[in-house]
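Chemist: If you scroll down you'll find the structure; I have some questions about it.
Coordinate-derived values only; no laboratory data. Small disclaimer: the values here were computed from a predicted structure and weren't measured. Cβ coordinates were reconstructed from backbone atoms using ideal geometry, including for glycine residues, and neighbour counts include every protein chain displayed.
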Amino acid sequence: MKNISGNISSIIDLINDPFGFSYDEISPILGEDDAKALYVRLYRGGLLKKPHTIWVQNIISATDAKKYLFELSDGKRIETVCIKRKTGVTACVSAQVGCPVQCIFCASGRPGHIRNLTASEIVQQIIFLREPINRIVFMGIGEPLYNYDSVLKSIHILRDRNGLDFPTDGITVSTVGPIKLLKQLREEHLKIQLTLSLHAATQEVRNYLIPGMKGNDINQTVEAALDYSRRHNRKLTVAYLVLPGINNAYTDARQLAAWFAQEKVMINLLEYNPTPQSTLKKPAKQEIERFKNHLERLGLETHIRVSHGNAIQAACGQLAGAIR
Ligand code: SF4
C-alpha cells in the first residue's frame, strides 16, 4: 500500500513539475520506454505546451544581449541573460534568488540570500529562452556552489543524452570559491568548465570586495580551484574585476603570476559595470590595458572581457533589479 501511494505521489510530482526530474528518477516511475518518450517531448520540442513553474514576465532586448525576467511560483523574480556572440548564444543563468555573498560591486547580493532555486527552476530558464543556446554559464544571480545539489542536478538533467544532450564542456560554473565546495566539486565525475571569481591578490582586498568569503583563505581558495582544473584537465578561468587603486598595482600582478604563471590558466579582466548605490568607479580603458600588460609580461595569458548588456542593466553584477 505504502509503495502504491508513494508511486502515485511521485507521478503527481512528475506531472506538476517534470523538469525537476532526472532521467534516472523518471525511468523507475514510468519504465524505460515511457521515460525516454517523455524526455524527448520535454527537451526536443515534442510538447506544444510544456508544464512549467516559472513564467516569462518580460524580455528586454539590446543589440548584444537580451534580458529575460522570470516570475517563480511563489512570486519571486529572477533574471536570465542571453548574450549574442559570433559563435552562438550564451545563456547566463541564475542559481539563487538574491545572494548571500554580497560582493560590493554586484547588485545581485544587495537583498541578501532569499532562497535557492530548485533544479527545475534552473532547467526551465534554459528551456523557455527563445534562443539557440550553445553555452550555459552559471554567472547570473546567486553563488552556484551555495546551491550545490540543485545546480549539479540541473547540469545532469541538461546534459542527459535522452533529452537536451547539452555538451558538458559548454557549461561553466562561475564561483567565488568556497573552499569546501570546490573540493567537493573536484570529486564529481563532471568535467564542466570552472571560473574562479578572484578579483583580488591579497586577503585584505578580497575581504573588502567579497565580504561573504572572509572565512576562506585566499591561497587555499586558489589552490582548490587549481586542483579542480588539474584533476579534470580544464583550463581555469580567473575573473578579475579591475578596480584602479584597489587591486591593480604591480604587486597584485606579481602575486597573480606567482599563483598562475606555471598553470593552465586564463585571466579574464573585467571592467566594472556601475550599479545603483555603489561608489566604485568604472576604470579608464588605459588602466585595464596597463594591468593586462603587467600580467602578460609576467607570463600570464590575459584577456579583457568585453562587457555585454550594459544598455539594459544585464551585464555582470547588474542583475537583480527585479528581485522581490
Ligand atoms: S558577484 Fe556573484 S557571488 Fe558576488 S554578490 Fe553577485 S551574484 Fe553573489
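Chemist: Order the peptides 141-150, 178-187 from the highest to the lowest mean number of other Cβ atoms within 10 Å of their residues.
Modeler: On the way: 141-150: 22.5, 178-187: 17.0.
Ranking the peptides 141-150, 178-187 by packing returns 141-150, 178-187.
Chemist: Related question: Cross-link list Lys180/Lys292; Lys191/Lys264; Lys153/Lys191; Lys180/Lys214; Lys66/Lys292: which exceed 19 angstrom alpha carbon to alpha carbon? Kindly include the intermediate steps, with their values, before the conclusion.
Modeler: Values: Lys180/Lys292 31 Å; Lys191/Lys264 15 Å; Lys153/Lys191 14 Å; Lys180/Lys214 14 Å; Lys66/Lys292 29 Å.
Pairs exceeding the cut-off: Lys180/Lys292; Lys66/Lys292.
Chemist: Can I ask one more? Where does the charge balance sit around Glu187 when Lys and Arg score +1, Asp and Glu -1, over other residues with C-beta under 12 Å from its C-beta?
Modeler: On the way: positive: Lys180, Lys183, Arg186, Arg231; negative: Glu188, Asp227.
Summing Lys and Arg as +1 and Asp and Glu as -1 gives +2.
Chemist: Turning to a different aspect of this structure: Treating only the Cβ atoms of Lys and Arg (+1) and Asp and Glu (-1) as charged, compute the dipole magnitude of the chain about its Cα centre; round to the nearest 20 debye. Could the numbers behind the result be given before it?
Modeler: Numbers: 40 positive and 31 negative charges, 151 e Å.
Charge dipole of the chain: 720 debye, to the nearest 20.
Chemist: By how many degrees, between 0 and 90 and to the nearest 10, does the Cα long axis of helix 250-260 differ from the longest principal axis of the chain?
Modeler: 50 degrees
Chemist: Additional query: So what is the relative contact order of the chain, in percent, for Cα pairs below 8 Å that sit 6 or more residues apart? Intermediate values should be presented prior to the final figure.
Modeler: Numbers: 624 pairs, mean separation 53.9, N = 324.
Result for the chain is 17 percent.
Chemist: Enumerate the amide H contacts of Val137 below 5 Å, restricted to partners 5 or more residues apart or on another chain; note that Pro and chain-start residues carry no placed amide H.
Modeler: Excluding prolines and chain starts, which carry no amide H, the hits are Ala91, Cys92, Val93, Thr172.
Chemist: Would you mind checking which residues have amide H under 5 Å from Leu241's amide H? H placed 1.01 Å from N; only 5 or more apart, or other chain.
Modeler: His199, Leu270
Chemist: In addition: With equal scatterers on the alpha carbons only and no solvent term, can you work out the Debye log10 of I(q)/I(0) for segment 1-51 at 0.21 1/Å?
Modeler: Relative scattering, expressed as log10 I(q)/I(0), comes to -0.73.
Chemist: So for the chain, considering every pair of alpha-carbon atoms, how many percent are separated by more than 33 Å? Write down the numbers at each step before the final one.
Modeler: On the way: 13777 of 52326 pairs.
So the pairs more than 33 Å apart make up 26 percent of the total in the chain.
Chemist: Using θ = phi - 60° and the Karplus form 6.51 cos²θ - 1.76 cosθ + 1.60, what ³J(HN,Hα) does each residue of segment 281-291 get, whole Hz, x for Gly and Pro?
Modeler: With coefficients 6.51, -1.76 and 1.60, one gets 10, 5, x, 6, 3, 5, 5, 5, 4, 4, 5 Hz.
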